[in-house]
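Step one of this worksheet: look at the structure below.
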Amino acid sequence: MNDTALVSVIMPAFRTEVYLPQAIESVLAQTYSNWELLIMDDQSPDGTWEIAQRYAGKDARIRCIQNDHNLGVAQTRNRGIDLSRGDWIAFLDSDDIWHADKLEQQLAAAARTGADLIYSAYAMFHDGDRRRTAYLVPARTTYDAMLGENVIGCSTALMRRSALGEHRFRSDFYHEDYALWLELLRSGLSAAGCPEVLVEWRISENARSFNKLNAAKNRWRVYRQAEKLPIWKCALYFIIYAARGFFKVRKSRHAN
């Protein structure tokens, strides 16, 4: 593993004062220490900005940037990418939590596989619930495989800046991260997974992903409008997507 590579962690934050400290602490706890954390406040009306500034005052690796007006998560991530300096770029939503060895494990996987994008298994949990359900991921994924099932959780993603190039998140799609992964894979980027659970993904009833009907509608939009697939191919991959979502529990296990 190259321990001189700088990792830029992009953390969009909006009205997340309750969860933000735990997310930041999980970055501070990383066993790989050569990182910078960009906390991107999207004009939060609560104490998010003050909390971010407090942490930045304690650790020079943390930078706080506040948008002039509310941009939404896609454009906020894009602004973070443009302001970052790292050789690698990682994403962490401000209500999610990294395991301490997340960056170390993924950089080792990158060195071992030569992949441009590294993702990992993650554990899903609800507030106040000690139970964790781990979503297991394949060792590799491809463009065709990702059309059937999105195995890359945004807070698990680590990618080479050189591979990302000018590609950015699109704000015109509800699943902006999924649309970006497909675009990157279609362009020839290689992706590899870490089988270890390295991220805790908080599930909220207010989260966009909680609304399965909207998620399904917007999956179709990605197929038709972003990927411009013919109707028959959209239907094929939508059936695969729906079936895998229904039987997702078979790929999961309870984690402590």
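The values are calculated or read from the model by the stated rules, or taken from the named source; none is laboratory data. Because the structure is predicted, anything quoted here is derived from the model rather than measured. Counting neighbours? That spans all protein chains shown, and the Cβs are built from the backbone with ideal geometry, glycine included. The area values use the complete protein model at the heavy-atom level, side chains included, leaving out ligands, DNA and RNA. Shrake-Rupley method; radii C 1.70, N 1.55, O 1.52, S 1.80 Å.
Please verify whether segment 177-189 includes one or more residues that are open to solvent by less than 70 Å² (accessible area, probe 1.4 Å), closer than 17 Å to Asp116 by Cα, at pLDDT 95 or above and charged (D, E, K, R).
Yes - at least one qualifying residue is present in segment 177-189.
Could you tell me whether Asp172 is closer than 16 Å to Asp96 by Cβ, open to solvent by 30 Å² or more (accessible area, probe 1.4 Å) and either assigned to a loop (DSSP other than H, G, I, E, B) or at pLDDT below 95 (or both)? Step through it out loud before you land on a result.
Working: closer than 16 Å to Asp96 by Cβ: no; open to solvent by 30 Å² or more (accessible area, probe 1.4 Å): yes; either assigned to a loop (DSSP other than H, G, I, E, B) or at pLDDT below 95 (or both): yes.
No; evaluated as a whole, the condition is false for this residue.
Looking at Gly57, is it among the small types (Gly, Ala, Ser) and surrounded by fewer than 19 Cβ atoms within 10 Å (Cβ to Cβ)? Spell out the reasoning first.
Working: among the small types (Gly, Ala, Ser): yes; surrounded by fewer than 19 Cβ atoms within 10 Å (Cβ to Cβ): yes.
Spelling it out, Gly57 is indeed among the small types (Gly, Ala, Ser) and surrounded by fewer than 19 Cβ atoms within 10 Å (Cβ to Cβ).
Are any residues in segment 130-161 more than 18 Å from Trp201 (Cβ to Cβ) and in contact (Cβ under 8 Å) with a residue 60 or more places away in the chain, and if so, which ones?
Leu147, Gly148, Met159, Arg160, Arg161
Taking Thr48, is it over 19 Å from the mean Cα position of the chain (by Cα), among the polar types (S, T, N, Q) and open to solvent by 10 Å² or more (accessible area, probe 1.4 Å)? Before the answer, list the steps.
Values: over 19 Å from the mean Cα position of the chain (by Cα): yes; among the polar types (S, T, N, Q): yes; open to solvent by 10 Å² or more (accessible area, probe 1.4 Å): no.
Spelling it out, it is not the case that Thr48 is over 19 Å from the mean Cα position of the chain (by Cα), among the polar types (S, T, N, Q) and open to solvent by 10 Å² or more (accessible area, probe 1.4 Å).
Scan segment 135-180 for residues that are charged (D, E, K, R) and out of contact with any Cys (no Cβ under 6 Å at 6 or more places or on another chain) and jot them down.
Looking only at segment 135-180, we keep the residues that are charged (D, E, K, R), and these are 140, 144, 149, 160-161, 166, 168, 170, 172, 176-177.
Answer for segment 135-180, where residues must be charged (D, E, K, R) and out of contact with any Cys (no Cβ under 6 Å at 6 or more places or on another chain): Arg140, Asp144, Glu149, Arg160, Arg161, Glu166, Arg168, Arg170, Asp172, Glu176.
Has segment 64-78 got any residue that is touching a residue at least 60 places away in the same chain (Cβ under 8 Å), outside any helix (DSSP H, G or I) and touching a Ser or Thr at 6+ places or on another chain (Cβ under 7 Å)?
There is at least one residue in segment 64-78 that is touching a residue at least 60 places away in the same chain (Cβ under 8 Å), outside any helix (DSSP H, G or I) and touching a Ser or Thr at 6+ places or on another chain (Cβ under 7 Å).
Cβ-Cβ below 6 Å, separation at least six or inter-chain, first residue in segment 29-41 and farther than 16 Å from Asp93 by Cβ, second open to solvent by less than 10 Å² (accessible area, probe 1.4 Å) and hydrophobic (A, V, I, L, M, F, W, C): which pairs?
Gln30/Leu103; Tyr32/Leu103; Trp35/Val7; Trp35/Val9
Please tell me if Ile39 is surrounded by 21 or more Cβ atoms within 10 Å (Cβ to Cβ) and either within 20 Å of Val7 (Cα to Cα) or out of contact with any strand residue (DSSP E or B) (no Cβ under 8 Å at 6 or more places or on another chain) (or both). Show your work before the answer.
On the way: surrounded by 21 or more Cβ atoms within 10 Å (Cβ to Cβ): yes; either within 20 Å of Val7 (Cα to Cα) or out of contact with any strand residue (DSSP E or B) (no Cβ under 8 Å at 6 or more places or on another chain) (or both): yes.
Yes, satisfied.
For the list (1) modelled with pLDDT of 95 or more; (2) over 15 Å from Ile89 (Cα atoms), I need the number of the one condition that Met1 fails.
(1)
Return the residues of segment 62-81 that are buried (at least 18 other Cβ atoms within 10 Å of the Cβ) and among the small types (Gly, Ala, Ser); say none if nothing qualifies.
Ala74, Gly80, listed by residue number.
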